[in-house]
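Notes follow once the structure below has been shown.
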Amino acid sequence: MSETVTVSAKVPKDIYAELAIRVPEGERSSFVRDAIVEKLQKTPSPNKILELEQRIGHIEEDLSIIKKCLADLEFLTYERGKFNPHAFCVDKIDHAIVDYLIHHKGGTTPELAEALKVNRWLILNRLKRISRRSRKQLGRPIIEYSAREKAGKKKAWWIDEELMEKQ
């Protein structure tokens, strides 16, 4: 055993009384030491947890790359009834954005900001996040930006109608 260090701890009187009854006086120090060691062995170290989180992150990234490649090769198909555009929403604002785009088949950032009474920069960031999240999970985004004129709107965000038909 390595060098020992003295540790003092405050415990409630009833716990100390129980300790005094159950553990003989000469063995209390080793009993407390063993209890601490046992508890530390059951508690995962922060380094191990961080390592596991990083490994899971790498696995998720690799899986999203594989899904994207399969979608590009058209091996990964979007089955009927399996796609929900609201699955990529985090809160009410995201759901409202998706609802607006579904109802109007698309919209510009200022239109969305005016309709939802929210800052247009917030709308833009949310649209980008929904697009990124859907691209990561499906291999292609459900919401895309197009600068060209479509349905009388320029520089607008559009729901991928091909994915919407499969809903």
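The values are calculated or read from the model by the stated rules, or taken from the named source; none is laboratory data. Keep in mind that this is a model prediction, so the values were computed, not measured. FYI the Cβ positions are ideal-geometry reconstructions off the backbone, even for glycines, and counts take in every protein chain you see.
Structural remarks
- Pairs where the first residue, in region 23-46, is surrounded by 10 or more Cβ atoms within 10 Å (Cβ to Cβ) and the second is part of a helix (DSSP H, G or I) and β-branched (Val, Ile, Thr), C-beta under 9 Å, 6+ apart: Val23/Val32
Yes/no matrix, rows are residues, columns are (1) modelled with pLDDT of 90 or more; (2) basic (Lys, Arg); (3) over 25 Å from the mean Cα position of the chain (by Cα); (4) not in a helix (DSSP H, G or I):
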| residue | (1), (2), (3), (4) |
| --- | --- |
| Ser2 | no, no, yes, yes |
| Thr6 | no, no, yes, yes |
| Ile15 | yes, no, yes, no |
| Leu19 | yes, no, yes, no |
| Arg28 | yes, yes, yes, no |
| Phe31 | yes, no, yes, no |
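- Selection from region 77-98 of residues that are surrounded by fewer than 16 Cβ atoms within 10 Å (Cβ to Cβ) and either of a type in the set (D, E, K, R) or at pLDDT below 85 (or both): Thr77, Glu79, Arg80, Gly81, Lys82, Asn84, His86, Ala87, Val90, Asp91, Lys92
- Within region 91-126, the set of residues being touching a residue at least 24 places away in the same chain (Cβ under 8 Å) and within 17 Å of the chain's Cα centre (by Cα) comprises Asp94, Arg126.
- The residues of region 127-148 that are in a loop (DSSP other than H, G, I, E, B) and in contact (Cβ under 8 Å) with a residue 60 or more places away in the chain, listed by number, are Gly139, Arg140.
- Residues in region 1-14 that are of a type in the set (A, V, I, L, M) and loosely packed, with under 10 Cβ neighbours inside 10 Å: Met1, Val5, Val7, Ala9.
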